[in-house]
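The values are calculated or read from the model by the stated rules, or taken from the named source; none is laboratory data. It should be emphasised that the depicted structure is a prediction, and the values quoted were computed from it without experimental measurement. Note that each Cβ is placed from the backbone with ideal geometry, even for glycine, and that neighbours are counted across all protein chains shown.
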Amino acid sequence: MSREVRARLKAIASLITPGASVADVGTDHGYLPLYLVRSGLCKRVTACDISENCVARAAANIAEAGLSDVISCVLSDGLSAVDSALYDTVVIAGMGGETIIEILSAAELHGKKLVLQPNTRQLLLVRSLVASGFAIERELYVRDRGRNYYIVSAKTPEQT
């Protein structure tokens, strides 16, 4: 797979702590997990999606890259089928803010870092994060293929 990684995905990756173990919710093609491992930023990533087709497509891309031993693919509604011990960082990108809030509300997130890129309802998402005890670390805006994207990282007070 020789696709160039888009500016949006690079910006998301820039907010991930080097050496993090990542759960990429809504992985689609698996491009972000591939970039995170290939760039040396992460040694282990769990790529999850609610769509069987997306999981199959991501698994094929990851296998083609020879990285199936460090990137696992999981069919999951949000984080429900992913062992929370496998990740310290959650990435959710390309969904509406309300959907991201629903996914986060159903997950155990104590001690986890979040990197989120909502397509809609950004302010609602940020307010929900703060109300849930998360501290906003950084906010980025990036322009990619004629569209502006907002990306936020947040952490819980339990993080060191």
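Within region 113-142, no residue satisfies the criterion of being at pLDDT below 95 and within 15 Å of ILE12 (Cα to Cα).
With respect to being touching a Lys or Arg at 6+ places or on another chain (Cβ under 6 Å), closer than 29 Å to SER132 by Cβ, among the aliphatic types (A, V, I, L, M) and crowded, with 18+ Cβ neighbours inside 10 Å, VAL90 fits the description. Taking region 99-160 as the region of interest, the strands (runs of 3 or more DSSP E) fully inside it that hold 3 or more residues being acidic (Asp, Glu) are 135-144. In the set VAL142, VAL130, only one residue is more than 24 Å from ARG44 (Cα to Cα), in contact (Cβ under 8 Å) with a residue 60 or more places away in the chain and surrounded by fewer than 21 Cβ atoms within 10 Å (Cβ to Cβ); that residue is VAL142. For region 1-40, a residue qualifies if it is at pLDDT 95 or above, of a type in the set (A, V, I, L, M, F, W, C), over 21 Å from TYR141 (Cβ atoms) and part of a loop (DSSP other than H, G, I, E, B), and exactly one does: ALA20.
Can you name the residue in region 24-45 that is of a type outside the set (D, E, K, R) and touching an Asp or Glu at 6+ places or on another chain (Cβ under 7 Å) and is also surrounded by the fewest Cβ atoms within 10 Å (Cβ to Cβ) among such residues? Don't jump to the end; show me each part of the working.
To start, the set of residues in region 24-45 that are of a type outside the set (D, E, K, R) comprises 25-27, 29-37, 39-42, 45.
Add one more test, that the residue is touching an Asp or Glu at 6+ places or on another chain (Cβ under 7 Å), and what stays is 26-27, 32-33, 45.
Values: GLY26: 22, THR27: 31, LEU32: 29, PRO33: 29, VAL45: 31.
Taking the candidates together, the pick is GLY26.
Restrict the check to region 88-103 and report whether at least one residue is under 14 Å from the mean Cα position of the chain (by Cα) and on the phi > 0 side of the Ramachandran plot. Break it down stepwise before answering.
Of the residues in region 88-103, the ones under 14 Å from the mean Cα position of the chain (by Cα) are 88-97, 99-101, 103.
Keeping just the survivors that are on the phi > 0 side of the Ramachandran plot gives 94.
Looking for residues that are under 14 Å from the mean Cα position of the chain (by Cα) and on the phi > 0 side of the Ramachandran plot, one finds at least one in region 88-103, hence yes.
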